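Here's the structure we're looking at; comments come further down.
Nothing in this text is a laboratory measurement; each read-out follows from the coordinates by a stated rule. Being a predicted model, the structure only gives us computed values, none of them experimental. Cβ: placed from backbone, ideal geometry, glycine included. Neighbour counts: every protein chain shown.
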Amino acid sequence: MKVSSTAFRSPDRNTCDLKTDPESIQAVFREKGLGTSNAPRIAMFTERDDPETYAIIGAAMAVHSKLRNGFLEKVYRVALPIEFGRRKIPFVAEAPLPVYYDGELLPVTYRVDFVCFKDVIVECKAAALLTTVDEAQVINYLRASNRHRGLLVNFGAPSLQYRRLAWGKPI
């Protein structure tokens, strides 16, 4: 599958692909005098770095390639467990998520779309694009459950969108 991305030309390199060459971003910001502290930080992951989230994203890509975009979120949430089963990805659907305040259990429970591998929170969307509000939702789920890895997956765009999110420790 080909991934399209924006590319810059820089004097020290012919072309740098922002999707696969995060060091190039730093070089472009230095070249333009913007300072590298303003450059976005991009972490590239491979299957070896995080095989569990890699497997979950692969399952989501399979669902998106067969159904495409345009359905309501519920359709993708029903199809995804089928693909999880085929790939032997352990999961709990509509997993209850207790919420704590200052060490005390609150009388409210969130329900996350999936918890995979007992540790990875997966939140599905079917929107035109992902927003910071969607990201904040997953971060709050991670904080509330004291888990550290989350995936935000959007089936609503023409290409599957996903974000790996972490809280509390590097992934």
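So here's what we get for this one:
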read-out	value
Fewest-first ranking of Phe155, Phe117, Phe84, using other Cβ atoms within 10 Å as the exposure measure	Phe117, Phe84, Phe155
Spacing of the two label points (7 Å from each Cα toward its C-beta) at Thr132 and Arg48, in nm	3.6
Net charge of Cβ neighbours under 10 Å - reference Asn154; Lys, Arg +1; Asp, Glu -1	-1
Built amide H within the under 5 Å cut-off of Phe155, gap 5+	Lys125, Ala126, Ala127
Burial order of peptide ranges 49-59, 124-134 (average beta-carbon count within 10 Å, highest first)	49-59, 124-134
Stretch gain in nm, segment Phe117-Phe71, where the contour uses 0.36 nm per residue and the Cα spacing is subtracted	13.9 nm
Surface/4 of the Cα convex hull for the stretch 70-136, nm²	5.8
Where the Cα pairs of the stretch 100-148 fall when distances are cut into 5 Å bins, in %	5, 17, 28, 23, 17, 7, 2, 1
Orientation-averaged projected area, Cα convex hull of the stretch 51-166 (nm²)	6.9
